[in-house]
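The values are calculated or read from the model by the stated rules, or taken from the named source; none is laboratory data. Note that the coordinates shown come from a computational prediction; the quantities given were computed from them, not determined experimentally. FYI the Cβ positions are ideal-geometry reconstructions off the backbone, even for glycines, and counts take in every protein chain you see. These accessible areas exclude ligands, DNA and RNA; they are computed on the full protein's heavy atoms, side chains included. Shrake-Rupley method; radii C 1.70, N 1.55, O 1.52, S 1.80 Å.
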Amino acid sequence: MPKLGMEPLRRKALIDATISAIGERGSLDVTMSEIAGRAGVSSALAHHYFGAKDDLLQATMRHLLAELGGDTRAALRSAGSGQARVSAIIAVNFSEKQFQPETIAAWLAFYVEAQKAPELRRLLRIYARRLHSNLMSGLGRLLPRAEAEHTAEAIAALIDGFYIRRALKDGTPNAGSAIAIIEDYLATKLQQKAR
């Protein structure tokens, strides 16, 4: 008989093990057995909780999105001005919690897999819409609508681009340099408006 209250802990352990395995491998080419071993559970239990590997991968992607969303909402609660809101979103995406090598590799693997997996593509579209909406919540206060839309698209591309670049490099990702470059871009756009 299963222990009461263990399911959420085991599900979380399996998701964490999935991120770790993807991060180490650099692709979604990991097995349920490999993931289960990392999580300290049997393959049968992993299948019991998630069914097929695709279901576990989708749950992992939803977990990453939920964590990013929660961190973003928390950061936006204390950001008053439009510029502070944009800076908070940038900072969250490169926070120590989000910008870990394993998480970066998982995001890159999900982007690649989304080209052929409709459910992952749907989840990435949700992520893109949320990022755009969050950026517009600040940029809409600072720039005319069309310019704010263009700037939000550019900042989103920079965020995604830095994840891709860091996933392809060896060594520890440098969040500070990514934030500085994106903030420089934002400052340039705001200075152009002020002229």
>> Here's a check for you: in segment 17-26, which residue that is touching a helix residue (DSSP H, G or I) at 6+ places or on another chain (Cβ under 7 Å) and not in a loop (DSSP other than H, G, I, E, B) is nearest to Ile104 (Cα to Cα)?
In response: Gly23
> Looking only at segment 27-69, which residues are part of a helix (DSSP H, G or I), open to solvent by 30 Å² or more (accessible area, probe 1.4 Å) and either of a type in the set (Gly, Ala, Ser) or within 23 Å of Ala128 (Cα to Cα) (or both)?
Replying inline: Ser33, Gly37, Ser43, Ala44, Asp54, Asp55, Gln58, Arg62, His63, Ala66, Glu67
>> Among the residues that make up segment 147-158, is at least one of them at pLDDT below 95, β-branched (Val, Ile, Thr) and on the phi < 0 side of the Ramachandran plot?
In response: no
> Any idea which of (1) in a loop (DSSP other than H, G, I, E, B); (2) of a type in the set (S, T, N, Q); (3) open to solvent by 10 Å² or more (accessible area, probe 1.4 Å) is the one Ser137 doesn't satisfy?
Replying inline: (1)
>> Any residue in segment 181-194 that is within 18 Å of Arg85 (Cβ to Cβ) sitting within a Cβ distance under 8 Å of a residue that is in a helix (DSSP H, G or I) and modelled with pLDDT under 95? List the pairs, counting only those 6 or more apart or interchain.
In response: Ile182/Phe162
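Here's a check for you: in segment 159-180, which residue that is in a loop (DSSP other than H, G, I, E, B) and in contact (Cβ under 8 Å) with a residue 12 or more places away in the chain is least open to solvent (accessible area, probe 1.4 Å)?
Result: Pro173.
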> Residues of segment 12-26 being surrounded by fewer than 18 Cβ atoms within 10 Å (Cβ to Cβ) and modelled with pLDDT of 90 or more, which ones?
Replying inline: Lys12, Asp16
> Are there any pairs, at least 6 apart or on different chains, whose C-beta atoms fall under 7 Å, with the first in segment 15-33 and in contact (Cβ under 8 Å) with a residue 40 or more places away in the chain and hydroxyl-bearing (Ser, Thr, Tyr) and the second open to solvent by 40 Å² or more (accessible area, probe 1.4 Å) and outside any loop (DSSP other than H, G, I, E, B), and if so, which?
Replying inline: Ser20/Arg38; Ser20/Glu102
>> Would you confirm whether or not segment 102-119 contains a residue that is within 25 Å of Ser137 (Cβ to Cβ), open to solvent by 20 Å² or more (accessible area, probe 1.4 Å) and within 11 Å of the chain's Cα centre (by Cα)?
In response: yes
>> For segment 77-121, give me the residue count where each residue is outside any helix (DSSP H, G or I) and either more than 21 Å from Ile181 (Cα to Cα) or touching a Pro at 6+ places or on another chain (Cβ under 7 Å) (or both).
In response: 7
>> So the check is Cβ under 8 Å with 6+ separation or different chains; which pairs have a first residue in segment 77-94 that's open to solvent by less than 10 Å² (accessible area, probe 1.4 Å) and a second one that's basic (Lys, Arg)?
In response: Gly82/Arg141
>> Tell me the residue from Ala128, Ala187, Ala156 that is of a type in the set (A, V, I, L, M, F, W, C) and surrounded by 18 or more Cβ atoms within 10 Å (Cβ to Cβ), please.
In response: Ala156
